[in-house]
Structures are given as C-alpha cells and as structure tokens.
Amino acid sequence: MTRTRTLALKLLPALITVGAVFLVTGASLATLPLYVHSQLGFGADVVGAVAGAQFVSALLSRLWAGRMTDRRGPKHTMVVGLAMVILAGIFYGGSTALSDQPMRALALLFVGRAFLGGGESFIITAGQSWGLLTAGPQSAALVIGWAGTALYIGLAAGGRHLLDLPARRRPRGVNDRAPVGRPRRHELTLRRWG
C-alpha cells in the first residue's frame, strides 16, 4: 500500500466529516431563499441577511477555532464543531415549527445560521489540522487539497439532493420541470415569486 493511500485511509473520518457538514450547508443554501421568501414572507434583503449570517459567523469564529485546535487538539475542536452543527439543526427545526410566526421563525433561523457557520469553521480547521499533524509537512499541500475537495463535494452534493427527493417531499416551490420555452429536461426551477 502506498504512503498516499495509507494517509488517505487515516484521514478518511475527518474528510467524511468535513464533506458531511458542507453537504448540510449546500442543502441549506439551496432551500433557504424558498423558505425565507415563500413561507415566511420576507424579501430579498432578508434572504441575503440570513444567508450572510452564516458566513459572518464562520469568519468571526475561524481564529477561535484555530486557537482551540492549537490548545486542545483537532479532535476536541472537531467535536465542538459537530455540537454546533447539531445545535444549528435544532434551531432550524424550531424555525420550521414556528413558520406560522415569521418573526420568531426568522430569529431562530438567524441563530441556527450562526451556529452552522461556527461549526463549519471549527470542523474545517480541525480537519485540516488533523491532516497536517498526521501527514507532516511533506504532505501539507496534499492534505489541504483533500480537505478542500471534501468541502466542495459536500456543497455540490447538498444542493443537488433536492432533485432526488420525491416531489411531495421537496420544499414548496421546487420542481424538476423545465420552464416554458426551455428544452432542458431536468432543470431546477423555482415557482415565480410575487
């Protein structure tokens, strides 16, 4: 077994975790505008603010994640990141449960997005650090490349999953019919807003 293959097997749990978390992110990015606009009734400015909240949180928590990884190790940071992602899911669930109360649902969604952004920072920082500690400096670029690949596979797969859902399980407004006048067979279209 080659050194690269052995290293890949050692890092597989961390890379799968990175991919899974960013799969959640991709799925939420694909459905967020529909939920905030169509179900909660807010405009594009609020959709943008809710989407951006995750990335502001990711940016603000990145240094915290790095310090924690340096002090407590990547495994501890990974567990904290996973806990944040679980909390994000709880707040997302609370938001959907309160979708008949738009302001409360929106507040819970903002908190969930903040936890998801923080969780992403902790998990990607821990995943890359874990890989760098395991591989050593001679394979640093390879490890960073693998972590980035896991991240983007997760994002792409998360957004794509909507087309695989049966029509009755998809978020309201999402279908796989091409709009009138366009010949593509399986194009994701959104119900006209407004």
Scalar couplings 3J(HN,Hα) for segment 67-82 by Karplus 6.51 cos²θ - 1.76 cosθ + 1.60 (θ = phi - 60°), nearest whole Hz, x for Gly and Pro, are 4, 4, 5, 5, 8, 10, x, x, 5, 4, 5, 4, 5, 4, x, 5
Mean separation of Cα contacts under 8 Å (at least 6 apart) over the residue count of segment 82-159, i.e. the relative contact order in percent, is 25
Placing each pseudo-label 7 Å from Cα in the direction of the beta carbon, residue 107 and residue 38 end up separated by a distance in nanometres of 2.7
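At 1.4 Å probe size, with the rest of the protein present, what percent of the exposed accessible area of segment 1-160 is carbon and sulfur atoms?
Heavy-atom surface of segment 1-160 belonging to carbon and sulfur, 1.4 Å probe: 70 percent.
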Expressed per residue, the solvent accessible area of segment 22-135 in Å² (1.4 Å probe) is about 46
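The values are calculated or read from the model by the stated rules, or taken from the named source; none is laboratory data. Computed from a predicted structure; not experimentally measured. Cβ atoms come from the backbone with ideal geometry, glycine included; neighbour counts cover every protein chain shown. For the accessible areas, the whole protein counts, side chains as well, though only heavy atoms, and no ligand, DNA or RNA atoms are used. Shrake-Rupley method; radii C 1.70, N 1.55, O 1.52, S 1.80 Å.
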